Amino acid sequence: MAPSVCLCGPPELQLYFPTTTIKICQGQSSSSNPCLEFFKATTYSDKPQQNPPVYQQRKDLTEYEAEAWKHDPLTALKLIFCLRMVGRPNKEAFYKSLLWIHKNHPLTLALNLKVFAQLGWFKDLLEILYRVLQKSIDEAKEKEEEESQEEYWKKRTNYCQKPRKRNYWSDSEEGESNEEEDSDEEEDDESIEEEEEGEKEESKTVTDVTDVHIARAKSAVDRYQNDLEYRYLHDRVSEVFVEMLTSDLLSLKCCEIEKISSISKFCPSIDSSYDRETLICENIARRMFPRHNFGEYKDVEEAHYACRVRDRLRKQVLSPLRKALECLPVVKQNNQSSSLFKKCKALIALEIYSKIIGCGDGGGRDESKLKFNFLTMWWPHWRRISAVLMRLPRFNGGD
């Protein structure tokens with residue numbers, strides 16, 4: 001039996017019905033490299049796609065991350081950091097992928113926290129710590145809500161199954177007279193109750209706020225004492241802050257204000273939102289002023305020692321460093337923050353390649369809108385390609 005033949009038609013048919021780039025991408029969408037699939041997923045993880053492709057079911061970002069991590073962990077980790085650096089940073093995908101790393105590989109995240117300090121991402125350290133803590137609180141709340149709903153439906157089913165007793169014999173005249181007397185008494189009681197409720201609401205707002213702060217501090221202490229992985233992450237974050245703050249204090253004493261970093265600016269203040277949620281200032285203060293190095297704290301109680309050390313961190317460390325930062329000109333601060341990104345030309349190339357990958361993939365991008373900068377021809381990788389091509393003989397057109 002002859003094999004089946006695919007008809008192409010005359011060449012003029014291809015001019016009227018050219019093959020679109022969407023069909024080409026459909027054939028090349030499934031790559032054998034999971035890291036490439038993870039990179040493509042991160043470029044559009046936070047943007048709703050226009051006309052999404054039907055041939056492929058959309059997976060969660062963590063699924064792509066798990067497959068890429070199995071294939072090449074180092075490349076997957078680099079791609080995660082590229083989420084925060086390339087073009088418009090995708091912070092939600094960045095934090096989501098870091099939470100997955102903390103859940104599956106907590107030691108890897110804790111040992112790479114110094115990279116955040118080298119890049120100047122001090123606020124991201126606090127945000128990661130807060131999200132790790134908040135995720136456990138949200139999971140506990142979901143379990144409580146599920147259990148309460150189950151108990152509610154059990155009680156409801158039991159109540160419906162019970163037989164009801166109804167009193168059909170009642171005097172209508174006695175009911176009407178009693179209702180008139182009760183209505184007059186209720187009007188007087190309502191006016192008194194409204195005044196009392198206004199006073200109670202004012203006192204409740206103050207007590208509710210304090211109760212919320214106490215409950216959050218208690219959950220942070222319990223998580224730090226019971227969860228070893230969270231405790232190790234908390235200690236490593238505080239160590240990064242302590243190392244940078246001590247080096248800034250030494251440069252301030254040596255009158256080298258230009259070497260001071262901006263970590264004191266991003267370090268949370270005492271009783272701020274990050275401090276109330278994570279208690280990070282207490283851990284930083286304990287490491288800055290330990291008991292064995294300062295004799296005045298040896299015989300002090302633990303609670304009093306924590307309060308005194310936090311106050312000392314604010315007065316002797318954070319406030320002088322922040323005043324020194326105000327003396328620095330704005331130009332020097334911008335140069336220090338942007339010097340790390342001037343040499344990252346590979347990241348700029350990744351941004352361009354991500355735009356090219358998005359074309360025709362249902363992301364709402366058009367190839368004609370891609371801009372080509374003439375200066376990109378003089379980048380090192382383009383110069384290497386052009387040098388190799390110049391050595392080759394001239395191309396033959398096949399005529």
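The values are calculated or read from the model by the stated rules, or taken from the named source; none is laboratory data. Predicted model only: the values in this text are computed from it and were never measured. Neighbour counts run over all protein chains shown; Cβ positions are idealised from the backbone, glycine included.
Whenever a residue of the stretch 72-88 is surrounded by fewer than 20 Cβ atoms within 10 Å (Cβ to Cβ), its partners that are of a type in the set (G, A, S) and at pLDDT below 85, lying with C-beta atoms within less than 8 angstrom and at least six residues away or across chains, give the pairs G87/S354. Scanning the stretch 77-98 turns up no residue that is under 23 Å from R236 (Cα atoms), out of contact with any His (no Cβ under 6 Å at 6 or more places or on another chain), at pLDDT 85 or above and part of a loop (DSSP other than H, G, I, E, B). Residues satisfying the criterion are present in the stretch 58-66 (criterion: at pLDDT 90 or above and of a type in the set (G, A, S)). Determine whether L125 is modelled with pLDDT of 85 or more, within 22 Å of L279 (Cβ to Cβ) and either touching a Gly at 6+ places or on another chain (Cβ under 7 Å) or among the aliphatic types (A, V, I, L, M) (or both). Yes. Only one entry in E239, E282, E277 is touching a residue at least 40 places away in the same chain (Cβ under 8 Å), surrounded by 15 or more Cβ atoms within 10 Å (Cβ to Cβ), closer than 19 Å to R216 by Cβ and assigned by TED's automatic domain parsing to the domain that holds R322, namely E277.
Filtering the stretch 229-266 to residues that are outside any helix (DSSP H, G or I) and in contact with an Asp or Glu (Cβ under 9 Å, 6 or more places away or on another chain) leaves I260, S261.
Counting just the residues of the stretch 308-340 that are surrounded by 14 or more Cβ atoms within 10 Å (Cβ to Cβ) and hydrophobic (A, V, I, L, M, F, W, C), which one comes out modelled with the lowest pLDDT? Step by step, filter the stretch 308-340, then rank; the result is L328. For the stretch 244-253, the criterion of being in contact (Cβ under 8 Å) with a residue 60 or more places away in the chain and more than 22 Å from D124 (Cα to Cα) is met by at least one residue. The residues of the stretch 230-261 that are under 15 Å from L328 (Cβ atoms) and acidic (D, E), listed by number, are D248, E256, E258.
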